[in-house]
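Take a look at the structure set out below.
Bear in mind that the values in this text are calculations on the coordinates, not laboratory data. This one's a predicted model, so the numbers in the text were calculated from it and none came from an experiment. No Cβ is skipped: glycine too gets one built from the backbone with ideal geometry, and neighbour counts run over all protein chains shown.
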Amino acid sequence: MKYKFLDNTNHFIDYLLKTFLKDKKILVDMTCGNGHDSLRILQNVPNYEKLYFYDIQKKAIENTRSLLESYAYKNCIYLNKSHDDLSDIEENIDFAIYNLGYLPGADKKLVTRLDTTMSSIQQLLIRLNYGAIIMITTYPGHEEGSLEDGKIYDYLKSLDQKIFNVIKLEFINQKNKPCKTYILEKRSEDDGEKSNL
């Protein structure tokens with residue numbers, strides 16, 4: 001039997017979601033796309049209170065809503081707007097996921113942009129509960145994706161280790177600039193000295 005745990009990032013992310021999401025309450029899918037990440041999140045968090053979904057493309061919101069309503073999930077808030085506008089989220093956040101790039105099956109010219117992505121991440125960091133997790137997957141194989149990845153890497157690398165733990169997952173023996181996943185954890189209140197962002 002062929003072992004395929006590490007053949008793509010989705011399998012590893014699925015494993016991490018099962019580990020990270022058990023006690024999370026306020027969740028945000030910052031790039032809901034066709035809803036597959038959203039479904040994976042909801043399948044792994046038994047006691048969530050709300051899941052917010054962002055996408056600037058109306059078709060993406062419609063696809064996500066259709067998928068999740070078929071499973072009868074409740075307390076879902078669909079936001080057809082840029083993910084750098086967090087004004088609709090009233091609570092502090094326990095988990096957020098970004099799957100950057102373009103909407104699968106749609107116009108590949110419509111991609112996430114460096115300026116709004118960075119603004120979104122920066123705003124999100126000050127809205128996190130202690131113990132919150134952010135997962136960010138970048139796609140450096142296209143021009144805007146390469147810019148996003150470089151800037152995100154530099155920014156996350158600069159974060160205060162007293163406040164955040166950050167790791168990067170990437171395939172180092174694959175060609176054609178494979179995707180990368182960054183995982184950020186806001187350290188709990190009793191993990192070391194508190195600092196300001």
For the chain, take every pair of Cα atoms, bin their distances at 10 Å starting from 0, and report each bin as a whole percent. 8, 36, 40, 15, 1, 0
Quickly work out the residue 73-to-residue 167 label distance, labels modelled 7 Å from Cα along the C-beta direction, and quote it in nm with one decimal. 2.4 nm
Antiparallel as a % of all DSSP beta bridges within the chain, to the nearest 5? 45 percent
Taking amide H positions as placed 1.01 Å from N in the peptide plane, with prolines and chain starts having none, which residues 5 or more places from residue 131, or on another chain, fall under 5 Å of its amide H? 186, 187, 188
At 7 Å along Cα-to-Cβ for each site, give me the label-to-label distance between residue 130 and residue 157 in nm. 3.0 nm
Nonlocal amide H pairs with residue 113, under 5 Å, H built at 1.01 Å: none
Got a sec to turn the phi values of segment 81-88 into Karplus ³J(HN,Hα) couplings, 6.51 cos²θ - 1.76 cosθ + 1.60 with θ = phi - 60°, whole Hz, x for Gly and Pro? 7, 5, 6, 9, 10, 9, 5, 7
What list of ³J(HN,Hα) couplings, whole Hz, do you get for segment 125-141 from phi and the Karplus terms 6.51, -1.76, 1.60, once you set θ to phi - 60° and write x for glycine and proline? 4, 8, 10, 8, 6, 4, x, 5, 10, 10, 10, 10, 9, 10, 10, x, x
Using each residue's phi in segment 145-159, evaluate 6.51 cos²θ - 1.76 cosθ + 1.60 at θ = phi - 60° and report the 3J(HN,Hα) Karplus result to the nearest Hz, with x for Gly and Pro. x, 5, 5, 4, 4, x, 5, 4, 4, 4, 5, 5, 5, 8, 5
